[in-house]
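One structure is given here, and the rest of the page talks about it.
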Amino acid sequence: MTVEVKHQVLTMSMIQDGNKILLLNRPEHLGFPGYIAPGGKVDFPESIVDGAIREVKEETGLMVKEITYKGLIEFCEVNSGLRYMVFHYLVTSFEGELLNDPPEGELIWVDKDHTDDLPMQDWFRERIPLFFEPGVFEYSTIWDKEKDTVLHSTQKQYHAGEVEKAEAIS
């Protein structure tokens, strides 16, 4: 069976101000309800980092001044041929005012070490520490949606050009 491969390229940007992070409370009707970092689809032909900067502006009103690439999380669904790639960034300098009526949900500054009580997707809660660890990360999951089964998963963290931690799960 030959499957046509399709790509979706997205970004997620954690905005940090001291020990606070900016999250949006995404309503259920928009999908992925609960608190989450700003992000979304990269428009063709913009660069991935330009897409991240645009999404921060559109969803928060803030203009990014300093942004650091933190890693990639991708999901490949074997039956549909979909490769869903989310590029993660940490924003540590910005200017402007938060939107009064943000399109993706209420914006709130929270202590980055006290997010346990906030309602959010489990996968996002697990990602939060990755934004603040040294180096970059790369997580890949190959999934069979029809069988609701993970076929293979790889998790790597890189620091100074070397693999610090690697784990393959089959």
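The values are calculated or read from the model by the stated rules, or taken from the named source; none is laboratory data. It should be emphasised that the depicted structure is a prediction, and the values quoted were computed from it without experimental measurement. Keep in mind that these areas ignore ligands, DNA and RNA; they rest on the heavy atoms of the full protein, side chains included. Shrake-Rupley method; radii C 1.70, N 1.55, O 1.52, S 1.80 Å.
Considered as a group, the residues in segment 1-43 that are modelled with pLDDT of 95 or more and not in a strand (DSSP E or B) include one that is nearest to Met63 (Cα to Cα), and that residue is Pro38. Restricting to segment 13-67, name every residue that is small (Gly, Ala, Ser), under 20 Å from Arg125 (Cα atoms) and open to solvent by 30 Å² or more (accessible area, probe 1.4 Å). Once the filter is applied, which keeps residues that are small (Gly, Ala, Ser), under 20 Å from Arg125 (Cα atoms) and open to solvent by 30 Å² or more (accessible area, probe 1.4 Å), segment 13-67 yields only Gly18.
Mind checking whether some residue in segment 125-141 is open to solvent by 50 Å² or more (accessible area, probe 1.4 Å) and part of a strand (DSSP E or B)? Yes.
Applying the set (1) part of a strand (DSSP E or B); (2) closer than 19 Å to Ala37 by Cα; (3) over 17 Å from the mean Cα position of the chain (by Cα) to Asp113 leaves exactly one unmet item: (1).
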